[in-house]
1. Return the whole-Å distance between the Cα centroid of the range 450-477 and the Cα centroid of the range 535-614.
2. Considering only the other residues whose Cβ falls under 15 Å of the Cβ of T601, what net charge follows from Lys and Arg at +1 and Asp and Glu at -1?
3. Short version: ³J(HN,Hα) in whole Hz for each residue of the range 528-538, in order, from phi by Karplus 6.51 cos²θ - 1.76 cosθ + 1.60 (θ = phi - 60°), x for Gly and Pro, what are they?
4. Pop a pseudo-label 7 angstrom from the Cα along the beta-carbon direction at both E238 and N217 and give the gap in nm to one decimal.
5. Taking just the C-alpha trace of the range 236-320, give me its Rg and Dmax in Å.
6. Within straight cross-link reach of K610, meaning Cα distance under 14 Å, which aspartates and glutamates are found once same-chain residues fewer than 8 apart are removed?
7. Could you work out how much longer the chain between M447 and D491 gets when fully extended? Use 0.36 nm per residue separation minus the Cα distance between them, nm to one decimal.
8. Here are some pairs, K375/K525; K40/K130; K130/K375; K101/K375; K44/K375; which of them have Cα atoms lying more than 19 Å apart in this structure?
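The values are calculated or read from the model by the stated rules, or taken from the named source; none is laboratory data. Please read all numbers here as calculations on a predicted model, not as lab measurements. FYI the Cβ positions are ideal-geometry reconstructions off the backbone, even for glycines, and counts take in every protein chain you see. The accessibility values were calculated without ligands, DNA or RNA, using every heavy atom of the protein model including side chains. Shrake-Rupley method; radii C 1.70, N 1.55, O 1.52, S 1.80 Å.
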Amino acid sequence: MKKHIFKRILSFVLALVMVLPNMSTMTVQADEAQKIVFEKVSAKSANGRGADLIKDGNRDTYWQSIPSGGDGSAPHYSLMYAHNRYIDITLDGMYDLSQIKVYNRVDGSYNNYYIYVSTDGINYDKIVSKTSNEVATAQGDSYSVAVEASHIRLNMAYNSNSYVTNLSEIEVYGVRTGERQDDTTGIQVSDWQGSDWQKEWDRFETEPEYAYTKILNEMKNLVGRVIGEEWQDDFVFELCGSLRDEKDIFEVTDGADGKILIRGNNGIALASGFNYYLKNYVNVDYNPLFGSNVTMKGIVPVGKTVVKEAQYDLRYALNFCTYSYTMAFWNWDEYEEFLDWAAMNGLNLILDIVGQEEVLRQTFLEYGFTNEEIKDYICGPAYFAWFYMQNLYSVGGPLPDAWFEQRTELGRKIHDRMQTYGITPVLQAFSGQVPETFPQKNAGAQMAPVDSWPGHTRPSLLMTYVSEGQTDYFKQVSETFYEKQKNVFGDISDYYATDPFHEGGNVGSLDVATIYQTVQNEMIKSNPEAVWILQQWQDGLSDGVKISRLDTSHVLVLDLQSDMRQQNGPFENKKIPWLYCMLHNFGGRMGLDGEVPVIATEPMETYNTKNYMVGIGITPEALENSPVAYELFLEVLWSKDPI
C-alpha cells in the first residue's frame, strides 16, 4: 500500500517538474508584445479608399485623403475637408506600446507624417515625426517606442508626388495593460447667468461707487504694467462727470507733492490722459504691438493744464482678418496689453469674436449636430477671419474640446476689462451660416445656392425668406443663436457684425434687400437697441441694394479704407452713420508705409464736410508694421484741427 502511494506521489512530482517550465514559458509569452487589434478607425477619405483599408492586412490597398478639388461630387462640399489628413485609431484597450510600423504606397514618393498617442481620447502627445525625404519602401518605416496609449492619431501631412496623401497599413505592437480609460466628461462650459463674471458685470453696472473704485484701481495697475510699479504713486487719477457722458474728456495737470493729476470721465479718458503725458512730457511710447520705449527718467511737471476732448463719439478697432493674421493664438497676456494700448489711444468700440465658437456649438446642438460634427465644421484659429466672414469652413480644424471652455473664459475676462475701461465689444451676428448637412438633420430647410470663394466652398446659408407653408428655419436658428450668445456672454453689447455675401457671393436671383432686412429684423428682435455694423469693402454696398430696406437708425457702416479711397457716398445719401477707417495693412505684409499726409488732415476735414460721419476706426488686416501710422491716426481723435 505504501509503495503504491509513494509511486503516485513520485509520479505527481515528476509531472509537476515537467509542467512548471512550460508554465513559466507560457507566462513570458503572454507578456510579450503582440499585434494590437484596432477597435475603430476613422478618417476623411475619397474615391472609395476609406480608413478601414489601413488594417485589412493588404499592403496593396490604401487609404487616400481628399483631393484639393474635392472627390468629384457636386456640390463641392468635400473639398473643404481636403485639409483634414488625420487618421484616428481606437485600440481595444490600454497598451504599453513598443513598436509601430507604417507602410505607404511604394511609388517612388516620400511621405511626411506625425504620430500622436493618447490615454484618454482627448489629450494627445506627439511621439513620431517623419520629416525626411526617404522614399517609401516595401519594408515600411519601423519605430521603437515606449509609451502607454489607448488611442493613436496619424497626421499624414505630405506626399512628394501628389496633393493627396496615403497610408497602406499600420501595425502597432504592445502589451495590454487594461481597459481603456477614456475621458467622457465632454465639453463643460458654465452658463453666464449665475457665474462670477455675470455678478461682477452687473455690480459694475448698478453700483456707481463700486465702478469708480474698480476703474481707479485699474488705472494704478495700468501705470505698473506700462512703466513699472515704482511709478504708481507718482500719478493720481480722478473721475469726474458721468461714465455715460457722450464726449470723452481728460485733463492733465500738476498735483500735490510733485505728482501728476489726471482727470477724466471714464477709464478710456483716464488712460488716454496718462498716455498723453507719457508721450508729450517724458518721451515714453507704449506700443506692445510694435515695440515700446518705456524708460522713465523722472517726473516732469505739466505746467499749464491740458484739457482734451474726443472729437468723435465712436472710435472703432479691428478687422475680422486681424484675428487670423495677428491674434489667432493670443492668450490673456497679449489681449491685456492690446486693451491697455487701445484704451490709452481712446478706442471705445472693438470687434470681439473671442469665444464665439461656443455660441455656435450651443446653437447647432439644438439642431441635431454632435460635438464632433460641430468641431469638424468650425475652422481652426488661423482661419477664423474667413470663417466668420462666411468665406470658408472646416479648414485648420477640428478644434479640441478644451478650446471651447478656455476661449469662453478668455472672452469673459476680456469683456470684464473692456467694461472697466469703457470699451464696447462688437459681437458676432447671425446671417444664416450653418453646416452643409443642416437639411439632412432638419427636414424642409431651405438653403441659398451653393457658392465658392477662391479655392473654397462657402458655408451653406439658410434662406431668410421661404414660401408660405414652409418652415422658416432662419428665424428659428437666429433666435436660438442670440439666446445662446446671451447664455455664453450675457447681454453686454448693442453692436453686432456680419457681412452676408462678403467679397462677392452668388446672389443669383435672390432678393438681397429682403435678406439684409430679415437679418437686421432678427437682430433687433433679440435686442431692440441693436446696431448692425457693416463693412464697405470692394464696393460691396455701393449699389445701395443691400442697405435699401434697412432701418438706418440701427446701422453703422465701416468705410473700410477711407485713407486710400473714400466710398461713403451711398451712406450719406441714405443718411446712414458711418466711420472713416484706416485699413493700412493687407495680409500681414511687412514694410514701412502709410498714408501719413492723408490721415493727418483728411479725417477732420471729412468730418466737418460730411453729415453722417460719426467717428473713425482702424481696420488693419494685421497689426504688424508702421506704428507711426496708427499713432498719428489716433492722435487725430483728440485734435480739433488737422495735424
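1. If you average the Cα positions of each part, the centres end up 29 Å apart.
2. Numbers: positive: K610, K640; negative: D563, E595, E602, E605, E635, D641.
Local net charge: -4.
3. x, 9, 4, 10, 8, 8, 10, 9, 8, 9, 6
4. Simple spin-label model gives 2.3 nm for this pair.
5. Rg then Dmax for the range 236-320, in Å: 14.0, 47.
6. Straight-distance partners of K610: D559, E572, E602.
7. 12.9 nm
8. Correct reply: K375/K525; K40/K130; K130/K375; K101/K375.
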